[in-house]
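Trainee: Please see the structure below; I have some questions.
Read the figures in this text as sums done on the coordinates, not as results from a lab. Just so you know, these numbers come straight off a predicted model, no measurement behind them. Virtual Cβ from ideal backbone geometry, glycine too; neighbours counted across all protein chains shown.
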Amino acid sequence: MRAIPPPQLTFNDVLNTCVGSISCQTLTQNINAINPQLNNSVQDFDTKAATADLFQIQTFTGNDDAVVTGQVTKAELKGLYTFHMVPARKPARQYYDQIMMQAPLRICPFCGFGQVDTLDHYLPKAKFPLLSIHPNNLVPSCTPCNKGKNAGIATSKNEQCLHPYFDLGHFINEQWLFADVIQTTPATIRYFVRAPGHWNASDQARVNSHFDDFKLANRFSIQAGDEISNLRVELDIDFQISQQAGVEQALLKKHTVASLQHTNSWKTAMYQALAASNWYCSGGFK
């Protein structure tokens, strides 16, 4: 995961702009009437996000026609996002685009390699309709991460995937993503999680949940396969000059560069594993 700065937006600005584009006066009045409930929900989200306790927020289990609060239904709350924030012609689209731009180079923060082309509701609007347009619940994402994420709702801290706005510090700076080299032709990379032993049990569990939720083992392995195919010619030149030592040195250099950029990227773990593999460095790369 990559940490990114949270949107510098206020919920009420987004809400008022979305509501301002509603043509139905009754719906406008009904949503304005639940402003306190909406703001309480947003404040609760931000408080719990800071302590990784978002799993404690109660889900809404009613269908789209069910009233969530006041006289506003689930469908109407979801519609604030779908019909008044997403469409390009709507004034609130400016906030959608601003959140999208929070991801540097438009790289998805959940996987670290996909191209951002949508917004992901960290807590899905189908279960948490009061949070459907809260900026801190909207994360720039690639489609595979958005659509492929496990649909289950976390019921404990251990089950929560990482949140790019709030889960910083050791999640970013300490290595928990690793890889092994499988002696196939060409070589295959197997990714796995090994969280530092000094972390608490919940944090160790959460990186595993993140890895599993976004199906990163297979997706990272595919990325690595493409990179390995491009390494053969380059490493063969290193091998002709300095044999195994030359290959190891070249891979260690690549690992150092990748690690300085992102400690837990698929490239960092891959180059680390390749450099440590005697089989690969002594000719397996061919």
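Trainee: Past the 30 angstrom mark, what percentage of all C-alpha to C-alpha distances in the chain do you count?
Mentor: Every Cα pair in the chain considered, those over 30 Å come to 40 percent.
Trainee: A further question follows. Counting alpha carbon pairs within less than 8 Å and at least 6 residues apart, what relative contact order, in whole percent, applies to the chain?
Mentor: With pairs under 8 Å counted, the relative contact order is 18 percent.
Trainee: Here's something else I'd like to know. Summing Lys, Arg as +1 and Asp, Glu as -1, what charge do residues with Cβ under 13 Å from the Cβ of residue 64 carry, residue 64 excluded?
Mentor: Residues near residue 64 contribute +2 overall.
Trainee: Would you mind computing, in nm to one decimal, how far apart the modelled labels at residue 143 and residue 236 are, each placed 7 Å from Cα along Cα→Cβ?
Mentor: Each label point is offset 7 Å from its Cα along the Cβ direction, giving 3.6 nm.
Trainee: A follow-up question, please. Could you list 9, 131 so that the one with the fewest beta carbons within 10 Å of its beta carbon is first and the one with the most is last?
Mentor: Going from least to most buried by this count: 9, 131.
Trainee: Note down the nm distance, to one decimal, between modelled labels 7 Å out along Cα→Cβ at residue 217 and at residue 86.
Mentor: My value for the distance between the label points is 3.2 nm.
Trainee: Applying the Karplus parametrisation 6.51 cos²θ - 1.76 cosθ + 1.60 with θ = phi - 60° to the phi angles of region 63-74, what ³J(HN,Hα) value in whole Hz is obtained for each residue in order, glycine and proline being reported as x?
Mentor: Along region 63-74, the couplings run 7, 4, 7, 6, 7, 8, 7, x, 10, 9, 8, 4 Hz.
Trainee: Arranged by the count of other C-beta atoms within 10 angstrom, fewest first, what order do 226, 46, 97, 167 take?
Mentor: Ranked by crowding around the Cβ, least crowded first: 226, 97, 46, 167.
Trainee: On each of the three principal axes of the Cα atoms of region 11-151, give max minus min coordinate, whole Å, ordered largest first.
Mentor: So the three principal-axis extents are 44, 36, 25 Å.
Trainee: Separate question: Among 215, 78, which comes first, second and so on when ranked by fewest other beta-carbon atoms within 10 Å?
Mentor: By the 10 Å Cβ count, ascending, the order reads 215, 78.
Trainee: So, counting K/R as plus one and D/E as minus one, what does the shell of residues with Cβ under 15 Å around residue 232 add up to?
Mentor: Charge balance in the 15 Å sphere: -3.
Trainee: Okay, moving on. Can you list the lysines whose alpha carbon is less than 23 Å from that of residue 149, not counting same-chain residues fewer than 8 positions off?
Mentor: Correct list for residue 149: 48, 74, 78, 125, 127, 157, 215, 267.
Trainee: Something else about it: Using every Cα-Cα pair within region 170-284, state what percent have a distance larger than 16 Å.
Mentor: Here the tail beyond 16 Å accounts for 60 percent of pairs.
Trainee: Let me ask something else. Around residue 40, with a cut-off of 15 angstrom between Cβ atoms, what is the net charge of the other residues, counting Lys and Arg +1 and Asp and Glu -1?
Mentor: -1
Trainee: Here's something else I'd like to know. In nm, what is the difference between 0.36 nm times the number of residues separating residue 106 and residue 244 and their Cα-Cα distance?
Mentor: Value of the extension gain: 45.9 nm.
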